[in-house]
Amino acid sequence: MARKDKTNYYLDIADTVLERSTCLRRRYGAIVVLNDEIVSTGYNGAPRGRKNCVDLGTCTREKLGIPSGERYELCRSVHAEANALLSAARKDCIGGTLYLAGRSFEDGSIIDAVPCSMCRRLIINMGIKKVVARNADGSFTITEVRDWVFNDDSFNMKV
């Protein structure tokens, strides 16, 4: 039996973390790894103490017909990347890697996992070196976070 490579090993762990997600649209799981040790994990869900969309049985953004990637301020959830970073000390993230996996709530299929612009800013500030995100076809994309610093996308945002 062939041994699983480290990248897919960590992406599979992020995929397991997403099983705790409480979003009715998309489920995401994230882990932060530094020096081959898992520092923290996170999944998307409502802030501690608030009711989750799965408990309420409704998604505000879905009800209002808001497309993916827009009007996140209307969402009850904190993103998986943000939750993983909130659970870690910055000193334990500097130079680390964030692994991200996502699935459709509806049918459980793998979806492209791409951090939103707000999560990108958090990732930059925490000192993460690279982000490895699983794609719908099972491949993965490795992004050097410094590219987000030098190719600032904040000027291209929809207002």
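Could you identify the single residue in Val32, Val17, Val39 that is surrounded by 12 or more Cβ atoms within 10 Å (Cβ to Cβ) and not in a strand (DSSP E or B)? Quick ask: steps written out before the conclusion?
Values: Val32 fails: not in a strand (DSSP E or B); Val39 fails: not in a strand (DSSP E or B).
None of the other options fit; the residue is Val17.
Which ones in the range 35-51 are within 18 Å of Ala14 (Cβ to Cβ) and in contact with a Lys or Arg (Cβ under 6 Å, 6 or more places away or on another chain)?
Hit for the range 35-51 is Tyr43, nothing else.
Gly49: farther than 24 Å from Gly108 by Cβ and over 19 Å from the mean Cα position of the chain (by Cα), yes or no?
Values: farther than 24 Å from Gly108 by Cβ: yes; over 19 Å from the mean Cα position of the chain (by Cα): yes.
Judged against the criteria, Gly49 is a match.
Filter the range 42-57 down to the residues that are assigned to a helix (DSSP H, G or I) and surrounded by 15 or more Cβ atoms within 10 Å (Cβ to Cβ) and list them by number. Write out each step before concluding.
Our first condition is that a residue be assigned to a helix (DSSP H, G or I); within the range 42-57, this holds for 53-56.
Of everything in the range 42-57, those that are assigned to a helix (DSSP H, G or I) and surrounded by 15 or more Cβ atoms within 10 Å (Cβ to Cβ) turn out to be Cys53, Val54.
Grab the helices (runs of 4 or more DSSP H) fully contained in the range 58-159, keeping just those with 2 or more residues being open to solvent by less than 20 Å² (accessible area, probe 1.4 Å) and modelled with pLDDT of 95 or more.
In the range 58-159, the matching helices (runs of 4 or more DSSP H) lie at 80-86.
The values are calculated or read from the model by the stated rules, or taken from the named source; none is laboratory data. Just so it is clear, the structure is predicted and the values come from calculations on it, not from any experiment. Cβ sites come from the backbone with ideal geometry, for glycine too, and all protein chains shown count toward neighbours. Keep in mind that these areas ignore ligands, DNA and RNA; they rest on the heavy atoms of the full protein, side chains included. Shrake-Rupley method; radii C 1.70, N 1.55, O 1.52, S 1.80 Å.
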